[in-house]
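Working notes for the structure below.
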Amino acid sequence: MIGRYKAQLSALFQRYPFLGRLGHRTYRLLLQPRFTVGAVGVVFNETGRILLLKHVYRPEYLWGLPGGWTSPRENPRRTVERELMEETGLRVRTLAPLWIEQGTWADHLDMAFLCRLIGGDVRLSGEILDYRWVLPEEMPELLEFQRKAVEQALRLREVGRWE
């Protein structure tokens, strides 16, 4: 009996594809979980130093990796590239995911990407107090998630797996 209804439903969606799209969007809107996503980048310069930013809105750990929240329907890779340009004026290309984990809140994901510096001149946005390029052994205390991302980037760098 159920099989017959599924076949009829399938035939209806085939005949009227917009109904399938409408049903899919309704399902996602009403029943799918919603997550916020934060994306950061580990950016090395030509001397092997890592870019850190001093953020206005991070009271516990002022220094951290560049990044921010994804906009609706934005690819997290694009988020990192956009946020770096907005916060620092630097252009980067995301190469590979480094670390992904559930954030502090149950409905939040944090993602970190290895980035290649392309260019640009540093000009800090209103969200950033300062910036510096730091040798890995001189890293200040970072959020645990960001520390794990840096460690993974250093492992990839050691074995020559940048891309």
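Checked against (1) within 21 Å of Lys54 (Cα to Cα); (2) outside any strand (DSSP E or B), Arg155 passes all but a single condition, namely (1).
Residues in the range 105-123 that are surrounded by fewer than 16 Cβ atoms within 10 Å (Cβ to Cβ) and within 15 Å of Gly67 (Cβ to Cβ): His108 only. Taking the range 106-124 as the range and being part of a strand (DSSP E or B) and free of Cβ contacts under 8 Å to residues at least 40 places away in the same chain as the test, the residues that pass are Ile118, Gly119. Note on the range 41-69: residues that are of a type in the set (Phe, Trp, Tyr) and outside any strand (DSSP E or B) total 2. All of Glu141, Glu137, Glu101 fail the test of being of a type in the set (Asp, Glu), part of a strand (DSSP E or B) and surrounded by fewer than 14 Cβ atoms within 10 Å (Cβ to Cβ), apart from Glu101. What residue, among those in the range 66-92 that are farther than 18 Å from Gly126 by Cα, free of Cβ contacts under 8 Å to residues at least 40 places away in the same chain and buried (at least 17 other Cβ atoms within 10 Å of the Cβ), is nearest to the chain's Cα centre (by Cα)? Step by step, filter the range 66-92, then rank; the result is Pro76. When the range 125-160 is filtered for residues that are in contact with a strand residue (DSSP E or B) (Cβ under 9 Å, 6 or more places away or on another chain), without any contact (Cβ under 8 Å) to a residue 40 or more places away in the chain and either aliphatic (A, V, I, L, M) or over 23 Å from Gly103 (Cβ atoms) (or both), only Leu154 remains.
Throughout, read-outs are computed from the coordinates displayed, never taken from laboratory work. Please read all numbers here as calculations on a predicted model, not as lab measurements. Cβ: placed from backbone, ideal geometry, glycine included. Neighbour counts: every protein chain shown.
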